[in-house]
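The values are calculated or read from the model by the stated rules, or taken from the named source; none is laboratory data. Computed from a predicted model, the values in this text were never measured in an experiment. Neighbour counts run over all protein chains shown; Cβ positions are idealised from the backbone, glycine included.
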Amino acid sequence: MRVGIPRALSYYRYFLPWRTFFEALGAEVVVSPPTTRATLEAGLGYTVPEACLPLKIFCGQVRALVGQCDALFVPSIQRFAPESTNCAKLIGLPDMLQATMDDLPPLIAPDVDLSEGTRALWALAVQVGATFTFNPLLIREAALAAWDTYRQMRTDFRTGRITPADFASSRPIGLPAAQPSNSLTVAVVGHPYNLYDPFVNHNLLTRLARLGAEVLTPERLGPRPGVDYWTFEYELVGAARLAVEQAGVNGLIAVVAFGCGPDGVMLERVRESAAGAQIPTMILTLDEHSGEAGLVTRLEAFVDMLLWRKRRAGSVSGN
């Protein structure tokens, strides 16, 4: 069986363990191509104008898999802790697809509610694994292999050996290196589907590196506090706090999607953390109308300002 996984949203968090699990059960994993303008335009026809850019990209990535796979893996990711919830778009993805697209292959669409911990995780593995086999030992082995992959992935994130942008690549390259280095460190916080899709953010991370800045993303940081009501948003708040309080960054860029309510909550907390540490902050809001030229101009001005602050701080401390 060929299982299709759209290159969008949760792909940028969990693709490696998902692939390990499905391949251990004998499935072939098919990933949609990298995002292009055609991907976005395909998604626009299946979403309302008010939908966020990541959701439009997701729909376009699903369209790219139609006819290329026997089943689509689209989980409804609901919560990871008893007092938390997830973004409505992630919870409702299967229902939305079934309501808007009538030519889809069968969906593998489990409800992911891990608020009960390990027991819920095993139940999820059995539920999804039953699509491929009724052998509980085989499902258990696949689940353990996926868990090992997840733990190794987290380690590789922190060392910078790989990023979510490398998931479907046979030659991981990690974060782009600062060339030439100007001894600036810039923390870039945001959801991985906004940070690691170069079409969506106009090659933000690479452009920062070319301006001489070392880039620090949430994945490079260790376990962080902040799991609150909106799980993923408060992970990013925790990452921003660690970056400004412990990592010694010179500046912080928050990348958000226009129209995302939970991201609005995150932004206020990020601003508070950065202001408390007197770290300059740039807010980059993405939608389908975002222009590359404007982004480049803002990035250059932001990096120039950080360099000016650093030189000024050095001259003051030297007096």
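Structure data summary
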quantity	calculated
Matching strands (runs of 3 or more DSSP E) fully within the stretch 28-124 where at least 2 residues are hydroxyl-bearing (Ser, Thr, Tyr), at pLDDT 95 or above and not assigned by TED's automatic domain parsing to the domain that holds Ala143	none
Residue in the stretch 296-316 that is farthest from Ala257 (Cα to Cα), counting only those that are crowded, with 16+ Cβ neighbours inside 10 Å and in contact with a Leu (Cβ under 7 Å, 6 or more places away or on another chain)	Leu307
The stretch 64-116: number of residues that are of a type in the set (A, V, I, L, M), without any contact (Cβ under 8 Å) to a residue 60 or more places away in the chain and closer than 19 Å to Arg19 by Cβ	4
Residue in the stretch 4-13 that is modelled with pLDDT of 95 or more, in a strand (DSSP E or B) and under 15 Å from the mean Cα position of the chain (by Cα) present	yes
Breaking point among (1) modelled with pLDDT of 90 or more; (2) buried (at least 21 other Cβ atoms within 10 Å of the Cβ); (3) under 30 Å from Gly26 (Cα atoms), for Arg151	(2)
Residue identified as assigned by TED's automatic domain parsing to the domain that holds His191, outside any strand (DSSP E or B) and at pLDDT 80 or above among Glu219, Glu214	Glu219
Subset of the stretch 245-272 (residues that are crowded, with 22+ Cβ neighbours inside 10 Å, modelled with pLDDT of 80 or more and either assigned to a helix (DSSP H, G or I) or touching a Phe, Trp or Tyr at 6+ places or on another chain (Cβ under 7 Å) (or both))	Gly251, Val270
Any hit, the stretch 299-309, residues being closer than 30 Å to Glu83 by Cα and either modelled with pLDDT of 85 or more or not in a helix (DSSP H, G or I) (or both)	no
Flag if Ala240 is among the aliphatic types (A, V, I, L, M), modelled with pLDDT of 80 or more, under 22 Å from Leu205 (Cα atoms) and more than 18 Å from the chain's Cα centre (by Cα)	no
Number of the exception - Thr155 against (1) assigned by TED's automatic domain parsing to the domain that holds Val112; (2) not in a helix (DSSP H, G or I)	(2)
Number of positions in the stretch 1-19 that are within 17 Å of Asn135 (Cβ to Cβ) and touching a helix residue (DSSP H, G or I) at 6+ places or on another chain (Cβ under 6 Å)	0
Members of the stretch 27-48 found to be touching a residue at least 60 places away in the same chain (Cβ under 8 Å) and surrounded by fewer than 18 Cβ atoms within 10 Å (Cβ to Cβ), listed by number	Pro34, Thr36, Arg37, Leu44
